[in-house]
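Below you'll find the structure, written out as structure tokens, and then a few comments.
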Amino acid sequence: MLPSYVVTQTIARNWVDLYETIWQPPFFSRWASGLSQGEMVAQGDRWKSRGPDGDVLIRFTDHNVYGIMDHYVGSGLGKEIYIPMRVIANQLGAQVMITLFRDDLTSEARFADDVAAVKRDLQTLNQLMTG
């Protein structure tokens with residue numbers, strides 16, 4: 001089993017409204033700097049974008065009524081990174097949760113950097129949705 005860390009952000013917006021606003025892959029480029037640093041371009045069932053370490057291919061779970069926004073990020077090296085994401089109700093607002101897994105090739109320092117980046121990204125999402 002891999003070590004993991006769940007990054008969470010409370011957003012003062014109805015969870016269904018939030019999910020419906022952000023579920024489309026191109027919206028990720030507005031807040032997810034680790035996933036997309038530019039326009040996302042559809043390529044079949046995947047999306048191509050520029051990540052911090054180069055081009056990435058991303059596939060997302062289909063739109064659903066459960067607030068699930070899992071995505072799989074591939075760098076072209078034949079391995080996809082699974083990133084579970086959920087939007088759930090938190091009374092009248094929403095809770096957004098992203099789980100990160102640290103594989104054997106990722107140092108603790110790099111993993112800590114990844115966690116910090118996702119925290120910043122979720123803060124950006126909060127500002128977009130409530131500012």
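Miscellaneous remarks
- As a summary of the residue check, MET1 satisfies the conditions (1) part of a helix (DSSP H, G or I); (2) free of Cβ contacts under 8 Å to residues at least 24 places away in the same chain except for the one numbered (1).
- Contact annotation: residue pairs with Cβ atoms under 9 Å, 6 or more positions apart or on different chains, pairing a residue in region 99-114 that is in contact (Cβ under 8 Å) with a residue 40 or more places away in the chain with a partner that is of a type in the set (Asp, Glu) and part of a helix (DSSP H, G or I), are LEU100/ASP114; ARG102/GLU108; ARG102/ASP114.
- Residue in region 48-67 that is in contact (Cβ under 8 Å) with a residue 40 or more places away in the chain, under 15 Å from the mean Cα position of the chain (by Cα) and not in a loop (DSSP other than H, G, I, E, B) present: no
- Test: residue in region 72-81 that is closer than 25 Å to ALA116 by Cβ, acidic (Asp, Glu) and at pLDDT below 85: no
Residues are listed down the side, and each one gets a yes or a no for (1) within 21 Å of LEU2 (Cα to Cα); (2) surrounded by 11 or more Cβ atoms within 10 Å (Cβ to Cβ):
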site: TRP31; (1), (2): no, yes
site: GLY44; (1), (2): no, no
site: GLY67; (1), (2): no, yes
site: ARG86; (1), (2): yes, yes
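- Among the residues making up region 94-120, those that are more than 16 Å from LEU35 (Cβ to Cβ), exposed (fewer than 15 other Cβ atoms within 10 Å of the Cβ) and of a type outside the set (Lys, Arg) are ASP103, ASP104, LEU105, SER107, GLU108, ALA109, ALA112.
- Every residue from region 11-47 that is in contact with a Lys or Arg (Cβ under 9 Å, 6 or more places away or on another chain) and assigned to a strand (DSSP E or B): VAL41, ALA42, ARG46, TRP47
- Filtered residue count, region 47-75, keeping only those that are farther than 22 Å from VAL96 by Cα, in contact with a strand residue (DSSP E or B) (Cβ under 7 Å, 6 or more places away or on another chain) and among the small types (Gly, Ala, Ser): 3
- Pick from region 78-101, criterion in a loop (DSSP other than H, G, I, E, B) and under 19 Å from GLY44 (Cα atoms), ranking: farthest from the chain's Cα centre (by Cα): GLY78
The values are calculated or read from the model by the stated rules, or taken from the named source; none is laboratory data. A quick note: this is a predicted structure, and the numbers were derived from the prediction, not measured. Counting neighbours? That spans all protein chains shown, and the Cβs are built from the backbone with ideal geometry, glycine included.
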